Amino acid sequence: MATMRVAIVDAEFAPRSGYEITEAEKKTRKVREGNRVWRNPKLIYRTDYPKPKPGPDEVLIKVKACGICGSDVHFLETDEEGYIIYPGLTRFPVVIGHEFSGVVEEVGSNVQWVKPGDMVTSEEMLWCGECNACRSAYVNHCYLLNDPANMTYGELGFTHDGAMAEYVVVKERYIWKINSLLNRYSSEEKAFEAGSLVEPTSVAYHAMFVRAGGFKPGSYVVIWGAGPIGLAAISLAKAAGAGKIISFEISPVRKELALKVGADYVFDPVELSKQGIEPWEKIMDVTGGEGADMHVEAAGAPSATLPQMQKSLAIGAKIAWIGRAPKAVPIYLEIFQVRRSQLFGSQGHSGWRTFGNVIRLMAAGRIDMTKIITSRFKLDEVEKAFERAHKRIDGKITIKP
Ligand SMILES: [Zn+2]
Ligand SMILES: [Zn+2]
């Protein structure tokens with residue numbers, strides 16, 4: 001049997017008391033709230049994992065680059081009781097990795113649009129296409145993807161074997177070609193790096209332009225948090241013609257990257273508070289008292305960010321909400337009426353040609369997400385790569401098989 005090298009996360013299946021685990025979750029181990037079930041996670045590097053074979057609708061991809069996502073890091077970080085931090089859909093053990101690119105090696109008998117040799121990336125949301133959510137175009141909210149009883153659909157690198165591996169298999173329907181990136185980047189190496197960043201960039205695109213409907217050129221845009229998603233949001237805001245881009249971030253590396261990808265102003269909220277200044281005051285200052293036309297939340301810190309947004313909404317402002325935080329925060333609706341403002345919740349990256357448009361922007365050189373990669377590791381150095389990831393000193397860490 002052919003084998004391959006992979007990075008796996010495994011953990012103990014130990015539902016917390018109070019978590020109403022369903023029969024389906026027990027049976028499939030595909031659980032809805034990972035942080036309430038999985039304990040004592042570990043990262044395992046294996047060299048003897050079975051190489052997958054593509055089914056009739058599937059494509060076998062030789063992985064060339066795969067980013068470490070914040071959620072991968074949260075699989076391995078635990079609370080006081082040893083439970084993982086990541087709160088969402090998970091099924092362990094699983095080969096992790098969902099921000100990737102590679103070359104098609106083999107295709108199944110029903111595959112029509114992709115052929116061996118194509119450079120590709122893939123969506124991470126494995127939607128069914130047939131449930132009422134999917135048929136309403138809400139593929140990011142697919143019923144079967146989230147259904148613990150269904151093992152065909154889910155999330156790549158969360159419930160289904162992902163791309164921190166030599167090879168990965170995905171259905172053709174989730175694949176996007178990135179051959180066009182070769183014309184932009186001088187080397188295949190760089191083109192694959194860019195390709196591995198299509199997924200996180202699409203998360204920001206979906207929130208700002210699909211969910212929130214975008215902004216008019218000249219608008220003032222504020223990005224909260226300059227992690228990879230925030231950095232993608234800054235790049236996209238720049239490409240879309242924002243009048244001014246303001247970002248809030250505490251990490252020195254990420255502050256620098258924010259400027260590199262197009263932010264006009266980057267403020268450190270901790271530094272500001274030492275001077276007795278609140279972020280909203282800076283926004284009002286920089287925008288000449290008009291406020292932000294669009295706020296993008298990519299920090300996952302609603303109790304810190306929402307009050308600041310509420311005090312700096314332009315008339316007609318939009319808030320695009322991406323950051324995840326399983327907690328309730330107070331909202332002051334009066335200000336949303338007075339400032340004619342709206343908040344848009346966003347999840348996922350699929351549908352609406354979002355991947356296609358992000359690839360076009362990259363191919364045209366209007367955004368260059370490879371600037372945010374600050375560390376590169378080989379797959380057999382995956383443990384070292386995660387040691388570094390836990391320190392949070394990078395823009396993006398990329399693994400190459
Ligand atoms: Zn991710
Ligand atoms: Zn569906």
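The values are calculated or read from the model by the stated rules, or taken from the named source; none is laboratory data. This is a predicted model, so every value here is computed, not measured. Counting neighbours? That spans all protein chains shown, and the Cβs are built from the backbone with ideal geometry, glycine included.
For the reader, a short list of remarks on this structure follows.
- Within the stretch 1-31, the set of residues being over 24 Å from Ile68 (Cβ atoms) and in contact with a Pro (Cβ under 7 Å, 6 or more places away or on another chain) comprises Met1, Ile21, Thr22, Ala24, Glu25, Thr28.
- Taking the stretch 116-139 as the range and being closer than 20 Å to Thr354 by Cβ and more than 10 Å from ligand 2 (Cβ to nearest atom) as the test, the residues that pass are Asp118, Met119, Val120, Thr121, Ser122, Glu123, Glu124, Ala137.
- Scanning the stretch 129-158 for residues that are under 16 Å from Glu25 (Cβ atoms), buried (at least 18 other Cβ atoms within 10 Å of the Cβ) and either more than 16 Å from ligand 1 (Cβ to nearest atom) or not assigned by TED's automatic domain parsing to the domain that holds Val31 (or both) returns Leu144, Asn146, Asp147, Pro148, Asn150, Tyr153.
- Scanning the stretch 307-317 for residues that are more than 13 Å from Ile223 (Cβ to Cβ) and not in a loop (DSSP other than H, G, I, E, B) turns up Pro307, Gln310, Leu313, Ala314, Ile315, Gly316, Ala317.
- Scanning the stretch 64-74 for residues that are closer than 18 Å to Arg32 by Cα and over 14 Å from the mean Cα position of the chain (by Cα) yields no hits at all.
- Restricting attention to the stretch 360-396, the residues that are in a helix (DSSP H, G or I) and free of Cβ contacts under 8 Å to residues at least 24 places away in the same chain total 5.
- Verdict on Lys238 being crowded, with 17+ Cβ neighbours inside 10 Å, touching a strand residue (DSSP E or B) at 6+ places or on another chain (Cβ under 8 Å) and assigned to a helix (DSSP H, G or I): yes
Condition check ((1) over 30 Å from Ile68 (Cβ atoms); (2) touching a residue at least 24 places away in the same chain (Cβ under 8 Å)) across all residues:
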position	(1), (2)
Gly214	no, yes
Trp224	no, yes
Gly230	no, yes
Leu236	no, yes
Ile283	yes, yes
Gly288	yes, no
Met294	no, yes
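- The stretch 318-329 - residue that is in contact (Cβ under 8 Å) with a residue 12 or more places away in the chain and outside any strand (DSSP E or B) and, of those, farthest from Leu89 (Cα to Cα): Val329
- Hey, Leu43 modelled with pLDDT of 95 or more, under 27 Å from His141 (Cα atoms) and part of a strand (DSSP E or B) or not: no
Yes or no, residue by residue, for (1) within 16 Å of ligand 1 (Cβ to nearest atom); (2) within 25 Å of Ile319 (Cβ to Cβ):
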{"residue": "Glu172", "(1), (2)": "no, no"}
{"residue": "Arg184", "(1), (2)": "no, no"}
{"residue": "Leu197", "(1), (2)": "yes, yes"}
{"residue": "Ala207", "(1), (2)": "yes, yes"}
{"residue": "Ala232", "(1), (2)": "yes, yes"}
{"residue": "Leu236", "(1), (2)": "no, yes"}
{"residue": "Gly241", "(1), (2)": "no, yes"}
{"residue": "Ile246", "(1), (2)": "no, yes"}
{"residue": "Phe267", "(1), (2)": "no, yes"}
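- Hits in the stretch 87-128 - residues which are crowded, with 22+ Cβ neighbours inside 10 Å, of a type in the set (D, E, K, R) and either in a strand (DSSP E or B) or modelled with pLDDT under 95 (or both): Glu99
- Flag for Gly365 being loosely packed, with under 14 Cβ neighbours inside 10 Å, over 19 Å from Ser196 (Cβ atoms), small (Gly, Ala, Ser) and touching a helix residue (DSSP H, G or I) at 6+ places or on another chain (Cβ under 8 Å): no
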